[in-house]
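Q: Sending over a structure as structure tokens; questions will come in a sec.
The values are calculated or read from the model by the stated rules, or taken from the named source; none is laboratory data. Please read these numbers as outputs of a predicted model, since none were measured by experiment. Quick reminder, even Gly has a Cβ in these numbers, built from the backbone with ideal geometry, and neighbours come from all protein chains shown.
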Amino acid sequence: MIKRKLCFLVIVIPMLAALPFHADADRATDLVFSTSVLGNIPQQKTVTYDHTRLGPKDSGLHQIENGSVTLTVMAAERGGNVAILEMRDNGTLRNRTPFPVDAGNPLVMAFLESALRSMAQITGGSPFYLRNRIKESLRSGGQVTPTTVTIGGETMPATQIAFQPFQHDKNAARMGDFADLTLTFVVSDDVPGGFALFSAATPMIDGKNLYRETIRYSSLADRE
């Protein structure tokens, strides 16, 4: 089992930079922002995730139908290890960022920032307002539910953590489908990198979501 320790990431992506440390933080927050989750990724191995982002085409949102994210732990030039996060859209590299290996899974922050930008693009709302509501929700905790994940034909125990940052917001009535947006994380100690799923989605209406973004664990393989 991977030892989990609460730590708010204050690196590169500013999503949670203003969050204070809470020794008695809600278990949901602890699970999402725990450290040491990269400990089960062997050096020079690459974790690959599938990435999709779908929303209204008339909103100007950049759609991602065949994206991927890779996370690799490798030796740093000055000693120790570093985690390299690469995000691709239909095979084209969009960004490559190094992160400290002891600060949790950097994909948490990358996913949250991507979801925030998508919401701001679709709604035309203030990204600062949206970011603050999301920070408050993540800080106060969410709903934790036992579940399972199946990877490579093997079913393993997991935990689902869900947050609804705008459900009780004073402006919820003006936010349309985004008032019930759900941020979902599925974590498992048996999955390399600790996360099986990242999801941000508005409710499904008439068989479709106004907005849905998912990053799903795919595989662990040798670094190319």
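Q: Contact list please: Cβ distance under 9 Å, first residue in region 42-67 and in contact (Cβ under 8 Å) with a residue 60 or more places away in the chain and closer than 14 Å to Leu85 by Cβ, second residue of a type in the set (S, T, N, Q) and in a helix (DSSP H, G or I), pairs at least six apart or on different chains.
A: His51/Ser114
Q: Taking His51, is it at pLDDT 75 or above and under 25 Å from Gln164 (Cβ atoms)?
A: Yes; evaluated as a whole, the condition is true for this residue.
Q: Moving on to the next point. Can you name the residue in region 64-87 that is surrounded by 14 or more Cβ atoms within 10 Å (Cβ to Cβ) and of a type in the set (S, T, N, Q) and, of all such residues, is farthest from Ser118 (Cα to Cα)?
A: Within region 64-87, the match that is farthest from Ser118 (Cα to Cα) is Asn81.
Q: Name the residue that is surrounded by the fewest Cβ atoms within 10 Å (Cβ to Cβ), counting only residues in region 150-165 that are of a type in the set (Gly, Ala, Ser) and outside any loop (DSSP other than H, G, I, E, B).
A: Within region 150-165, the match that is surrounded by the fewest Cβ atoms within 10 Å (Cβ to Cβ) is Ala162.
Q: Within region 136-145, does at least one residue satisfy the condition of being touching a helix residue (DSSP H, G or I) at 6+ places or on another chain (Cβ under 9 Å), assigned to a strand (DSSP E or B) and either loosely packed, with under 15 Cβ neighbours inside 10 Å or among the basic types (Lys, Arg) (or both)?
A: Within region 136-145 (the criterion being touching a helix residue (DSSP H, G or I) at 6+ places or on another chain (Cβ under 9 Å), assigned to a strand (DSSP E or B) and either loosely packed, with under 15 Cβ neighbours inside 10 Å or among the basic types (Lys, Arg) (or both)), the answer is yes, since at least one residue qualifies.
Q: Something else: Could you count how many residues in region 192-224 are touching a residue at least 60 places away in the same chain (Cβ under 8 Å) and either assigned to a helix (DSSP H, G or I) or of a type in the set (A, V, I, L, M, F, W, C) (or both)?
A: Going through region 192-224 one residue at a time, the tally reaches 7.
Q: While we're on this one: Considering only residues that are under 28 Å from Thr123 (Cα atoms) and either among the β-branched types (Val, Ile, Thr) or surrounded by fewer than 16 Cβ atoms within 10 Å (Cβ to Cβ) (or both), which ones fall in region 166-200?
A: Gln167, His168, Lys170, Asn171, Ala172, Ala173, Arg174, Gly176, Asp180, Thr182, Thr184, Val186
Q: Considering each residue of region 98-136, count those that are without any contact (Cβ under 8 Å) to a residue 24 or more places away in the chain and under 18 Å from Ile84 (Cα atoms), and give that number.
A: Residues meeting the conditions: 1.
Q: Oh, and also: Restricting attention to region 95-117, does a residue exist that is at pLDDT below 95, among the aliphatic types (A, V, I, L, M), surrounded by fewer than 16 Cβ atoms within 10 Å (Cβ to Cβ) and not in a loop (DSSP other than H, G, I, E, B)?
A: no
Q: Looking at this structure, is His51 surrounded by 20 or more Cβ atoms within 10 Å (Cβ to Cβ) and of a type outside the set (A, V, I, L, M, F, W, C)?
A: So His51 passes the test.
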